[in-house]
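Read-outs throughout are calculated quantities, based only on the coordinates presented, and are distinct from any laboratory measurement. Keep in mind that this is a model prediction, so the values were computed, not measured. No Cβ is skipped: glycine too gets one built from the backbone with ideal geometry, and neighbour counts run over all protein chains shown.
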Amino acid sequence: MCACACGNQKSKHPELEEILSRYKGERGSLIPVLQEVQNVYGYISQDAIKEISTALNIPATDIFGVATFYAQFHLKPRGRHVVRVCQGTACHVRGGAKILAEVEKELGIMPGETTDDLRYTLEPVACLGCCGLAPVMMVDEDTHGRLTVDKVAEILAKYE
């Protein structure tokens, strides 16, 4: 927003301004706005929440509540590659915890974190639906099954 006293409320983010202009005065538009903002920026920043709050006349705390309630929304930048490691029953029995530990070691991050270079985000998940391939991890939309600790570094190297 403009810092001057002229009342100019021009957004610092023209893409966000364009999204908000399409939903002006439209009831029930918060979730579609959040989805579009995340599609453009990769996550929903605090600045975006403030601008959405002003444009839609919704308290920022309510927007934050919606954004944190739904797992699809992210409030921090995410990596170009999302690594999901299954922790479901079949994967757990077949060494899923060891696979997750190896991914943590290789990437130097803990679950829920993103590497400093914004290359990878690590997410443990309850189930990937590939129990016959356990243990399993996905990198973006690619499924890697029947994993061993020795295969993790080689798989991750393909996404550098």
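Quick one: angle between helix 14-23 and the longest Cα principal axis of the chain, in degrees between 0 and 90, rounded to 10, please. Roughly 70 degrees between the two axes. A dipole drawn for the chain from +1 and -1 charges on Cβ atoms has a positive end, and of Ala48, Met110, Ala126 the residue lying farthest that way is Ala126.
Listed by chain and number, the lysines whose alpha-carbon sits under 29 Å from that of Lys105, ignoring those within fewer than 8 places in the same chain, are Lys76, Lys151, Lys158. Across all directions, the average flat footprint of the convex hull enclosing the Cα atoms of the range 81-157 is 4.3 nm².
Think of each Lys and Arg Cβ as +1 and each Asp and Glu Cβ as -1; about the Cα centre, that makes the dipole of the chain roughly 240 debye. Quick check on the chain: of the DSSP beta bridges with both residues there, what percent are antiparallel, nearest 5%? Counting DSSP beta bridges with both partners in the chain, the antiparallel share is about 55 percent.
Which entry in (i) 11.2; (ii) 12.0; (iii) 9.7 is this structure's computed mean projected area of the Cα convex hull in nm²? The value matching this structure is (i).
Rounded to the nearest 10 degrees, the inclination of helix 46-56 to the longest alpha-carbon principal axis of the chain is 50 degrees.
The Ala153 and Leu118 beta-carbon pair, evaluated with R₀ = 22 Å, returns a calculated FRET efficiency of approximately 0.65.
The chymotrypsin sites (Phe, Trp or Tyr not before Pro) found in the range 71-160 that occupy coil by DSSP, while having at most 15 further C-beta atoms within 10 Å, are Tyr159. Maximal additional length on extending the Phe64-Ile31 stretch stands at 10.7 nm, based on 0.36 nm per residue less the C-alpha distance.
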